[in-house]
Amino acid sequence: MIRVLLIQPRDHIFNRGRGRFETTGMYPALTLPLLAALVPEDLPIDVQILDEGVDASAIDFTVDLIGLTTYTATAKRAYTIAQEAKAHGVYVAIGGYHASQNPDEALAYADTVFIGQAECTWPGFLRDFLQHSPRRIYREAGDLDLSNLPPLRRDLLQQRLYFRGVALQASRGCPNACEFCAISHHYGHRLLQRPVSQVIDEINGCSPRTLVFLDPNFHADPEYARELMSAMIPLKKRWVCPTTLSVADDTTTMRLMRESGCFGVLIGLESVCPTSLQRANKAFNHVTRYYELLQRFHDNGIAVLGCFVFGFDDDTPAIFSDTLDFIDQANMDLARYAVLTPFPGTPLFSRLAKEGRITDRNWDHYNCVNAVFQPRQMSSRALEEGFLWAWQKTYSWKRMAKRVITAHEHRIFTLAANLGFFGLGKRLRHVLHQ
Ligand code: SF4
């Protein structure tokens, strides 16, 4: 029997060093429970999972194989673990977004690197590993089929460390091509979907009533989303998902969202500056219609978490107060801010690198908090400080109280979520100044 430890490395923002209130608001990433489920049953393999985002346990370096998944902000931590593991004689395999985009870099630390979706190549790698002939690189051939995936090994997660709902995914990827979006480019602008019946089976197999869909864009295929929501109505669940503002134009979709139990959406509004949206290839967000479309979510009892990015080339220092004014006037239930970040592999990274504007290649800083490039209309420092200012003002006690009082429904949820974001804002200041 060989022992395999799959690790989600921590980053500087999401790690167990935060308070319990914040970590219990976290949901597990699904990559590792899926890889654990894909271990072929006929192989003599015992698999465990360690999520450093919520679990500060020491890493067990007595295992035979460590598998690490990476995004850019966790890459350096993954490499540190890899070095330590190899010093203990443990074989190291690395996959995930960052390793896929930078395989040569990852190979300097790992014995094997997975490029693309490791679900396709992981079982074959394990067989090779058991036969003492693993390859250095396993590359997805673009043939990932979500209809054949086994049920996730949720039993390997320490559920008590996460929020008390169920995180799941019906689809992956997004057909849009926003310049900064790592997800869309990672999937080659493909939209992959699980059969609706399998998603429903998964929901039926989970007892918690609250579901968090981690699809990048739940309504990317409106017809599929309508079929799924129709099938969810009898299940009487409550659920949230990321989506785009334009779904509010579809009355059938809005009705199905309400009837199937949707009570919250995350929407990438990104900016209140129309030219910033155009340059980011997100002109399908129409600033002039923000108020009207957001109101439709509220009219259907659906709370909105609006996500905004600061640092686009057309952003002047006024963007911070303009965004705050908009959030106040739109009665936004929650807002989340990010500093524009050129993740390797994205068109944004290529453009800024070509323009000589990437000023920091320390992957720890690719966390949407540090400015790792030279903005056009302000200094990097002003961008970071403006970002913190907006966060602090948005989660002032006065504004949070107003949001809770004026919430049409879900007051407790609005209160808890605002307090969680208040705590996160304080932590971001610490991350930026450490
Ligand atoms: S719509 Fe959202 S998920 Fe799709 S490419 Fe744009 S930012 Fe990414």
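The values are calculated or read from the model by the stated rules, or taken from the named source; none is laboratory data. Not measured: the values here are computed from a predicted model. Here the Cβ positions follow ideal geometry from the backbone for every residue, glycine too, while neighbour counts run over all protein chains shown.
Scan the range 309-321 for residues that are under 25 Å from ALA248 (Cα atoms) and either without any contact (Cβ under 8 Å) to a residue 60 or more places away in the chain or among the aliphatic types (A, V, I, L, M) (or both) and jot them down.
Going through the range 309-321, the residues under 25 Å from ALA248 (Cα atoms) turn out to be 309-310.
Answer for the range 309-321, where residues must be under 25 Å from ALA248 (Cα atoms) and either without any contact (Cβ under 8 Å) to a residue 60 or more places away in the chain or among the aliphatic types (A, V, I, L, M) (or both): just VAL309.
Within the set of pairs 6 or more residues apart or between chains, which connect a residue that is without any contact (Cβ under 8 Å) to a residue 24 or more places away in the chain inside the range 210-223 to a residue that is not polar (S, T, N, Q) with Cβ atoms less than 6 Å apart?
Nothing qualifies.
Can you list residue pairs whose Cβ atoms sit under 7 Å apart, with the first residue in the range 276-293 being among the aromatic types (Phe, Trp, Tyr) and the second being not in a helix (DSSP H, G or I)? Count only pairs 6 or more apart in sequence or on different chains.
Taking only residues 6 or more apart or on different chains, the pairs are TYR290/LEU269; TYR290/ALA330; TYR291/ALA330.
Look through the range 270-282, keep the residues that are in a loop (DSSP other than H, G, I, E, B) and more than 9 Å from the ligand (Cβ to nearest atom), and return whichever of them is farthest from the chain's Cα centre (by Cα).
This residue is CYS273.
Would you be able to tell me the number of residues in the range 379-411 that are under 24 Å from the mean Cα position of the chain (by Cα) and of a type in the set (A, V, I, L, M, F, W, C)?
6
Answer yes or no: is there a residue in the range 40-59 that is in a helix (DSSP H, G or I) and of a type outside the set (Asp, Glu).
No, because not a single residue in the range 40-59 is in a helix (DSSP H, G or I) and of a type outside the set (Asp, Glu).
For the range 223-254, which positions are assigned to a strand (DSSP E or B) and more than 16 Å from the ligand (Cβ to nearest atom)?
ARG238, TRP239
On the basis of being in contact (Cβ under 8 Å) with a residue 40 or more places away in the chain, in a helix (DSSP H, G or I), touching a Cys at 6+ places or on another chain (Cβ under 9 Å) and among the hydrophobic types (A, V, I, L, M, F, W, C), does LEU419 make the cut? Can you show your working first?
Details: in contact (Cβ under 8 Å) with a residue 40 or more places away in the chain: yes; in a helix (DSSP H, G or I): yes; touching a Cys at 6+ places or on another chain (Cβ under 9 Å): no; among the hydrophobic types (A, V, I, L, M, F, W, C): yes.
Against the criterion (in contact (Cβ under 8 Å) with a residue 40 or more places away in the chain, in a helix (DSSP H, G or I), touching a Cys at 6+ places or on another chain (Cβ under 9 Å) and among the hydrophobic types (A, V, I, L, M, F, W, C)), LEU419 does not qualify.
Would you check which residues across the range 332-369 are under 30 Å from GLN295 (Cβ atoms), assigned to a loop (DSSP other than H, G, I, E, B) and aliphatic (A, V, I, L, M) and list them?
Those that are under 30 Å from GLN295 (Cβ atoms), assigned to a loop (DSSP other than H, G, I, E, B) and aliphatic (A, V, I, L, M): MET332, LEU340.
Determine whether the range 283-290 contains at least one residue that is within 24 Å of the chain's Cα centre (by Cα) and buried (at least 22 other Cβ atoms within 10 Å of the Cβ).
Yes: one or more hits.
Which condition does THR74 not pass, out of (1) within 19 Å of GLY345 (Cβ to Cβ); (2) surrounded by fewer than 23 Cβ atoms within 10 Å (Cβ to Cβ); (3) among the hydroxyl-bearing types (Ser, Thr, Tyr), if it passes all the others?
In the conditions (1) within 19 Å of GLY345 (Cβ to Cβ); (2) surrounded by fewer than 23 Cβ atoms within 10 Å (Cβ to Cβ); (3) among the hydroxyl-bearing types (Ser, Thr, Tyr), THR74 misses (2) alone.
Go through GLY205, GLY165 for me and flag whichever is within 23 Å of THR243 (Cβ to Cβ), of a type outside the set (Asp, Glu) and more than 16 Å from the ligand (Cβ to nearest atom).
Testing whether each residue is within 23 Å of THR243 (Cβ to Cβ), of a type outside the set (Asp, Glu) and more than 16 Å from the ligand (Cβ to nearest atom) leaves just GLY165.
Picking from PHE308, PHE297, which residue would you name as being more than 16 Å from ALA177 (Cα to Cα), hydrophobic (A, V, I, L, M, F, W, C), crowded, with 22+ Cβ neighbours inside 10 Å and within 13 Å of the ligand (Cβ to nearest atom)? It would help to see each step written out before you state the result.
Numbers: PHE297 fails: within 13 Å of the ligand (Cβ to nearest atom).
Sole residue among the options that is more than 16 Å from ALA177 (Cα to Cα), hydrophobic (A, V, I, L, M, F, W, C), crowded, with 22+ Cβ neighbours inside 10 Å and within 13 Å of the ligand (Cβ to nearest atom): PHE308.
Given the structure, is ASP322 outside any loop (DSSP other than H, G, I, E, B) and at pLDDT below 95?
Against the criterion (outside any loop (DSSP other than H, G, I, E, B) and at pLDDT below 95), ASP322 does not qualify.
For the range 51-64, give me each residue that is touching a Leu at 6+ places or on another chain (Cβ under 6 Å) and either surrounded by 22 or more Cβ atoms within 10 Å (Cβ to Cβ) or of a type in the set (Ser, Thr, Tyr) (or both).
VAL54
Would the range 138-150 turn up any residue that is under 18 Å from ALA29 (Cβ atoms), within 16 Å of the ligand (Cβ to nearest atom), in contact with a Gly (Cβ under 9 Å, 6 or more places away or on another chain) and touching a residue at least 40 places away in the same chain (Cβ under 8 Å)?
No: zero hits.
Can you name the residue in the range 377-416 that is in a helix (DSSP H, G or I) and among the aromatic types (Phe, Trp, Tyr) and is also surrounded by the most Cβ atoms within 10 Å (Cβ to Cβ) among such residues?
Only one residue tops the list, namely PHE387.
Would you be able to tell me the number of residues in the range 182-201 that are within 13 Å of the ligand (Cβ to nearest atom) and at pLDDT 95 or above?
Selection size over the range 182-201: 0.
Here are ALA118, ALA170: which of them is surrounded by 18 or more Cβ atoms within 10 Å (Cβ to Cβ), within 16 Å of the ligand (Cβ to nearest atom), under 21 Å from the mean Cα position of the chain (by Cα) and not β-branched (Val, Ile, Thr)?
Going through ALA118, ALA170 in turn, the sole match is ALA170.
Inside the range 75-119, can you point out the residues that are in contact with a Gly (Cβ under 6 Å, 6 or more places away or on another chain) and of a type in the set (Gly, Ala, Ser)? Break it down stepwise before answering.
Our first condition is that a residue be in contact with a Gly (Cβ under 6 Å, 6 or more places away or on another chain); within the range 75-119, this holds for 93, 100-101, 114, 118.
Of everything in the range 75-119, those that are in contact with a Gly (Cβ under 6 Å, 6 or more places away or on another chain) and of a type in the set (Gly, Ala, Ser) turn out to be ALA93, SER100, ALA118.
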